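For reference, the structure is listed below as C-alpha cells.
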Amino acid sequence: MKCPDNNSDQDLIDACIKNSSHAMKGFIIKYGTQIDKKIKNILNQLNVPISKDKIDMMRNEIFLHLFENQCKTLKKFDFTRKTSLAAWINSVTYNKVIDILRRRNILIDSHDKLENLEDHNLQNLNDKIMLQQAIHKLDLQEQLTIKYYLRDIAPDDIARMLQVSVNYVYNLKSKAIKNLQAIIGIS
C-alpha cells in the first residue's frame, strides 16, 4: 500500500487522529524508512550494537508513541512553525531512542568501562586506569559529559541526553577537564 501523493501531511495527521487505519498505514509507509535510518544513525553514534530486531522494536515503539492515546504525541506537531514534519519526526525519534536506551540501561552510566578509550591513543594500560579512577572522582554529570566526549558524541546530542543546554555541556566539559587535571596532578 502506498501513501497517496495528494494527501498533505496535515491531511494525513488529521486522518490518523480520526483513527483511520488506512492513514496510519500510510504514515508508517511514508516515514518508516526515515525513522529506521535515524535509529541506525543514533545507535552508530552511541556505539550501541545494531540488530534488525532492535531497530524493528524501536521503530514499533516510536510509532506506538505517536499513535497511542488518540495520537496525543502526533497532535503536538505544529504546522504553523517552520519545522517540517520530517524534521519533527527525527527529533521525536531521537528522544524516544534515548529514552528506550536509558530504560534498558544501555546508555553510559557511572560504571562504564574504558574499552572505548582505545581510540583516543592513551599511552598504556596505566594511563587508562589512572584516567578511569580520575573520572570516577568527578560528579555524575561531569563523568557522563567526559565519557560522551570520549565517544565523539556532539555537544548538542550530549545536551539532549543529559537534558541540559548545549552551553551547560561546554561548561561541564571545561569544569570536568579542570577537575581531572587537578585529580591527576597536571597543571
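The values are calculated or read from the model by the stated rules, or taken from the named source; none is laboratory data. The structure presented is a predicted model; accordingly, all values stated were derived computationally and were not measured. Here the Cβ is made from the backbone with ideal geometry for all residues, glycine too, and neighbour counts use every protein chain on show.
Say whether the condition of being of a type outside the set (Asp, Glu) and under 17 Å from residue 104 (Cα atoms) is met by at least one residue in region 27-34. No, because not a single residue in region 27-34 is of a type outside the set (Asp, Glu) and under 17 Å from residue 104 (Cα atoms).
Filtering region 140-159 to residues that are surrounded by fewer than 16 Cβ atoms within 10 Å (Cβ to Cβ) and among the charged types (D, E, K, R) leaves 152, 156.
Within region 85-105, which residues are in contact (Cβ under 8 Å) with a residue 60 or more places away in the chain and not aromatic (Phe, Trp, Tyr)? Spell out how you get there, then give the answer.
Here is the first cut: in region 85-105, the ones in contact (Cβ under 8 Å) with a residue 60 or more places away in the chain are 85, 94-95, 98.
If the condition is that a residue be in contact (Cβ under 8 Å) with a residue 60 or more places away in the chain and not aromatic (Phe, Trp, Tyr), then 85, 95, 98 are the ones that fit.
Test residue 43 against the criterion of being assigned to a helix (DSSP H, G or I) and within 20 Å of residue 13 (Cβ to Cβ), and give yes or no.
Details: assigned to a helix (DSSP H, G or I): yes; within 20 Å of residue 13 (Cβ to Cβ): no.
In short, no.
Of the residues making up region 1-41, those that are modelled with pLDDT of 90 or more and more than 23 Å from the chain's Cα centre (by Cα) number 18. Note on region 154-174: among residues that are part of a helix (DSSP H, G or I) and in contact with a Leu (Cβ under 9 Å, 6 or more places away or on another chain), the one that is nearest to residue 38 (Cα to Cα) is 157. Beta carbons closer than 8 Å, at least 6 apart along the sequence or on distinct chains, pair a first residue in region 133-148 that is at negative phi with a second that is loosely packed, with under 13 Cβ neighbours inside 10 Å and not aromatic (Phe, Trp, Tyr) for 136/110; 140/110; 143/110; 143/136; 144/110.
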